[in-house]
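The values are calculated or read from the model by the stated rules, or taken from the named source; none is laboratory data. None of the values given here were measured: they were computed from a predicted structure. Because the Cβ atoms are built from the backbone with ideal geometry, glycine has one as well, and the counts that use them run over all protein chains shown. Calculation scope for accessible area: heavy atoms of the full protein, side chains included, ligands and nucleic acids excluded. Shrake-Rupley method; radii C 1.70, N 1.55, O 1.52, S 1.80 Å.
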Amino acid sequence: MNRLFRRAGGILLVAALTVSMAACSQDSGESAHSGETTPAETTPDSADMKDAGTESGGSAEETSAENGGSQTSEAAAEPVTPDVPVKEVEVSPEDEDYYQELLDTEIYNYKLIRNIPTAYDESSYNTYCENANILLTLDPSTIGEVQQGLIEKAADLRSQLVQIQPLEESIWYLWGDSIPYAEDAKSLEFTTESYDNSDFVPFVVPYLLDDQSSVKGNIIVIAGGGYSSRGNSGEGWPIAEGFNERGYNCYVLQRRVAPYSPDDIWMDFQRSIRVVRSHIDSMGLGGGDCIAAVGFSGGSATILGAIDMYYGDIVPTVTDENYAPDEIDEINSDLDVALCIYGPNYLGGTAYEDPDGFKGLDTENPNIPAMFLAAGENDSTSDDNTILRDSVKDKALVEMHTFANVGHGFGVGLTGTNSTYWMDLADGFIDQVIAGGKAEGEASTEIAIPDGYTQYQTFDAAFGFGDATVTLAINDDGTQFYAGFIAFEELQELEGTVGDDGTVTVTFDKTGFMSGDAQMIYDSADPDAWQPVGTGSGTGTASAEIEIPDDYTQYQTFDATFGFGDATITLAINDDGTQFYAGFIAFEELQELEGIVNDDGTVTVTFDKTGFMSGDAQMIYDSADPDAWQPVE
């Protein structure tokens, strides 16, 4: 399950800069509403907000990080005085334009709140986002009773948000008094379809570890969404959490996106490197010898665009001669490691695009960082990874992975595929870079059996290098196996298939050295020693049980085919069939839809838990068997 922000377990927020505007975890949604998203009410603009915090985007408070800086934990979190500059509708409910104004106002507020999760209590924040994202799909020209209820609910939930951290402690604003623009900012047009409000200014959301003495490195996280949005819920917050768990401070970049130009976006990323380095120095943060970035699709393109054009000592005046450099621009902006996760064609769709196709990274940058590349074999961009690798392999350390049975947008990894290992692989790659290109360090001895395996046993096996304790697991019908053990001071993992004659075929070898021992390992198992996973194995799988909400009286379960693959649907309706509920697991979390069934069989979505599945609602409803309904018990 995707947890937007985990404040327990040694992860906390430390902040030191000024206030900015932001965009929550749900990052998608199309709208039929046109026009400027900013309502007519007077509100502090971005300059006013900046003055409310510290003076410059690059100057951190002189906060010691000996104990992790200022600390916020889930257990100790207490409500603070709300200071996020939301707007309130000013017209009376009796006004004929009231709901139009309320919709405009709440869309503005949602775009502001959705990208600052660490300012709020997790429960109230998630509930708000799950309901407010539907506002982006509403057509203001047809606001009936249903739509009015949705707008009012979003406004009510927004008023119930529990803020637990001041805004100035939740974000680090990137720019000072001057912000560079590739085009005249006044000429840019913002509408409801624009991802951000017109007064948005870029920042990072820091995820810092408690113990800075043990930090391995610092990673800037850049969610995908092309150059037009930011997919933080799948490629931002959970990635920061994942790398926190692996020993890194993380910073989720809220870059400018369309209608801003790619150059603006690349300059934001370059600036974020400098701001992070500034904070490391001023706050005494750990891991300062390794500055890395991980980007997904458009986030990967953002990293590569900056490596190509905005690197080292280059300052934004190369693009905007009116930009006034400050002391932060004197900091080097080269990366040590770039983790580019699918979508490497950074010039595609830009003014720099090569009409003959992607040619890799063609740059004058003399300090190309070490590169870790990953994509799914079913991703149309995976071939570009090969082109990118070949363009840099003689200039930098590079490692590439292509995962079977995976397409675009797998984020933390697609369950049931080896893409779930990519963060561990990337962590190992960074370890090599830190160690000067060779693996060092001790691995954890804990063996975590992956999902999908139901039986296991543990035994000692004799290898050519000596003995090792092996955890061997198989699936229900014994056709797949997993083996985990420690050798050469690191975790070795094998997975593969078991043939009818008992021969094994390796499909995954974590280090690439152990495939030759797979048959010996499998043959060493005791046929009578299998025990269920979960009885002493220290592992388990997340529940996929769907709980049908109250008021639904009939349901059925069936498989449906989505663009990302198949999923098992639980579909429920009320007594007269005018309302529906659909629940299913996708992208490792529970997806839930609710809505209205119209007389003609079309459906109108009124609730989308993650904000990504509304477009599949009609397909799900139409896939039901009219004769398969059974009573909800």
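Side notes on the structure shown:
- Ranked by the mean number of other Cβ atoms within 10 Å of their residues, highest first, the peptides 258-270, 140-152 come out as 258-270, 140-152.
- Taking segment 133-156 and a reference point 7 angstrom along Cα→Cβ of residue 576, the backbone N atoms nearer than 20 Å belong to 144-150.
- Accessible surface of segment 500-633 [probe 1.4 Å, protein heavy atoms]: carbon and sulfur percent: 45
- Remark: spin-label model distance residue 623-residue 213 equals 5.3 nm, labels positioned 7 Å along the Cα→Cβ axis.
- Lys/Arg +1, Asp/Glu -1 at C-beta; segment 219-284 dipole; positive extreme among 254, 273, 239: 273
- Among the protein heavy atoms of segment 367-495, carbon and sulfur supply 44% of the accessible surface, probe 1.4 Å, non-protein parts ignored.
- Calculated SAXS-style log₁₀ I(q)/I(0) at q = 0.12 Å⁻¹ - segment 304-462, Debye, Cα scatterers: -0.68
- Segment 87-170: trypsin sites (Lys or Arg not before Pro) in DSSP coil with no more than 12 other Cβ atoms inside 10 Å: none
- Segment 358-427, accessible area per residue, ligands and nucleic acids excluded (1.4 Å, Å²): 44
- 3J(HN,Hα) along segment 123-140, derived from phi through the Karplus expression 6.51 cos²θ - 1.76 cosθ + 1.60 where θ = phi - 60°, amounts to 5, 5, 5, 5, 4, 4, 5, 4, 9, 6, 5, 5, 4, 5, 9, 7, 9, x Hz, with x in place of Gly and Pro.
- Seen from all directions on average, segment 104-214 presents a Cα convex hull projection of 9.8 nm².
- Label-point separation, residue 386 to residue 156 (7 Å along Cα→Cβ), nm: 5.7
- Descending semi-axes in Å of segment 307-375, equivalent ellipsoid built from Cα gyration tensor: 24, 17, 10
- Sparse packing (at most 15 other Cβ atoms within 10 Å of the Cβ) combined with a DSSP loop state is found for none of the chymotrypsin sites (Phe, Trp or Tyr not before Pro) in segment 108-167.
- Principal axes of segment 213-347: Cα extent on each, largest first, Å: 42, 32, 19
- Förster radius 45 Å - calculated FRET efficiency between residue 435 and residue 142, Cβ distance, rounded to 0.05: 0.15
- In loop segments of segment 442-534 as defined by DSSP, the GluC sites (Glu not before Pro) with at most 15 further C-beta atoms inside 10 Å of their C-beta are 442, 446, 489.
- The length gained by stretching the chain between residue 186 and residue 519 to full extension, at 0.36 nm per residue less their Cα-Cα distance, is 113.2 nm.
- Carbon and sulfur %, accessible surface of segment 86-217 computed with the full protein complex present, 1.4 Å: 42
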